[in-house]
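Comments concern the structure below.
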Amino acid sequence: MTDENDNPNASAAEERHANAMSPTLMVVCAAVFMLTLAGVALLIGRSDTPPPELDKTAIDVNAGSIYTSSFPDPQGRPQSLGQWQHKLLVINFWATWCGPCKEEMPIFDELQKKYAANGLQVVGIAADNALNVANFEKSLPVSYPLLPDETRAIEFSKRLGNRLGLLPHTVIVRPGGEVIRTQLGIINEAGFEAIIRQNLPK
Amino acid sequence: MNVFFKVSVKLGVFVMLAFTSLAFAADGALVNAPELLDAESAFQVTAKMKDAKTIELNYTIADGYYMYRKRFKFELDSGAAVLKRAILPKGSVKQDATFGRVETYRRAVRVLLPVTVSRAAGGKTTSASADREFINLNAVSQGCADVGVCYPPLTHQLAIHLGSRETVGPVKFVRPEAATDLIGNTLLPKLLAPARIAKPTGSVSDLIRKNP
């Protein structure tokens with residue numbers, strides 16, 4: 001070892017120095033890499049869990065006022081949400097001009113078909129006009145009512161915790177009127193279905 | 001060689017650190033709804049007269065947000081000028097099996113708006129002098145964020161001085177539900193034509209008040 005210290009060959013000394021340094025660097029490297037992996041794993045893991053909920057304390061609507069609210073169907077007939085007060089009610093706020101909204105509608109269509117007999121009722125309140133919604137329904141029929149109300153849909157959605165009035169926004173209301181979930185963005189099918197199954201009345 | 005090795009190890013560490021922080025930043029953007037920008041910040045616009053016959057609108061779109069080409073709409077409140085069809089550049093096209101062709105803009109978009117000034121309607125301007133004419137433009141647009149949410153249609157109201165080349169920002173930004181805030185605006189009383197005021201939206205709040 002001392003021979004090596006005295007070695008006048010600069011390149012050999014440098015090599016020894018590099019070899020002595022590398023374990024420390026390798027440990028740092030490995031630690032950072034594991035952290036990175038953890039970060040990525042967290043990301044991937046998140047995509048399998050339901051999207052985040054909005055703050056439920058921002059909800060400015062009580063059970064009574066959910067059920068006394070009424071929105072017109074595309075033919076203009078008022079549909080009171082109260083007719084579904086004994087159902088597990090999924091209110092989906094959407095619009096024909098909202099790409100992500102239309103993307104997730106087949107999921108609601110499937111859920112409605114699958115759990116109708118167990119007391120599920122999906123309702124699609126549209127921040128849109130009746131003509132757009134009627135045309136949409138013709139090209140892509142769904143198994144649940146679509147209720148267009150261009151002026152009141154966003155306002156109602158905001159009262160259900162959607163501060164910025166963004167779409168899609170989905171709310172789950174237990175029979176009796178308790179809001180158990182209010183969330184923005186496309187739902188995660190598996191996560192959402194699990195919540196539905198846990199709360200079905202029948 | 002050894003120097004290169006050391007440098008590359010350090011670089012590797014740096015890259016991995018950067019990647020790690022990026023991964024966490026992306027994570028936050030994906031899951032945190034409160035991180036979403038207000039429509040006002042996500043979609044910004046300025047306007048100027050490009051020449052005597054053309055309004056130029058420059059939209060700046062925040063990173064991670066996009067606007068729909070088909071959702072732009074432009075209207076004048078005053079009769080001092082008439083708009084012709086807006087010239088919108090080609091966007092990036094996404095062909096959707098179910099919903100057809102969707103054209104969108106990212107980062108920035110320049111819209112040209114041919115305008116014809118009608119001298120006969122000079123009385124509707126905010127200034128008595130013809131060369132101080134303003135037109136009040138309502139620019140309606142609509143966009144979404146990549147995280148999978150869309151903003152309701154928004155209206156930027158711009159007061160454009162026909163005789164000037166100066167760039168102006170919106171004098172008012174109107175979200176649909178905020179339309180009533182503009183009643184009583186004395187600075188530009190003609191800014192909001194009656195047609196632009198949202199229909200009375202009392203029904204839901206009335207219901208809520210009636211049923212505490």
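Just so you know, all these numbers are worked out from the coordinates, no wet-lab data involved. Just so it is clear, the model here is predicted, and its values are computed rather than measured. Methodologically, a virtual Cβ is constructed for each residue, glycine included, from the backbone with ideal geometry; neighbour enumeration extends over all protein chains shown.
Set Lys and Arg Cβ to +1 and Asp and Glu Cβ to -1, take the dipole of segment A:80-202 about its Cα centre, and tell me which of A:192, A:156, A:180 lies farthest positive. Farthest towards the positive pole: A:180. Each DSSP beta bridge with both residues in segment A:59-199 is either parallel or antiparallel, and the antiparallel ones are about 60%. Calculate the length of the line joining the C-alpha centroid of segment B:63-90 to that of segment A:109-175, in whole Å. Segment B:63-90 and segment A:109-175 have Cα centres separated by 29 Å.
When the trypsin sites (Lys or Arg not before Pro) in segment A:132-188 are filtered for DSSP coil states and for at most 10 other beta-carbon atoms within 10 Å of their beta-carbon, no site remains. Round to the nearest 0.05 the FRET efficiency obtained for residue A:86 and residue A:194 when R0 = 25 Å and r is the Cβ-Cβ distance. Computed FRET efficiency for residue A:86 and residue A:194: 0.70.
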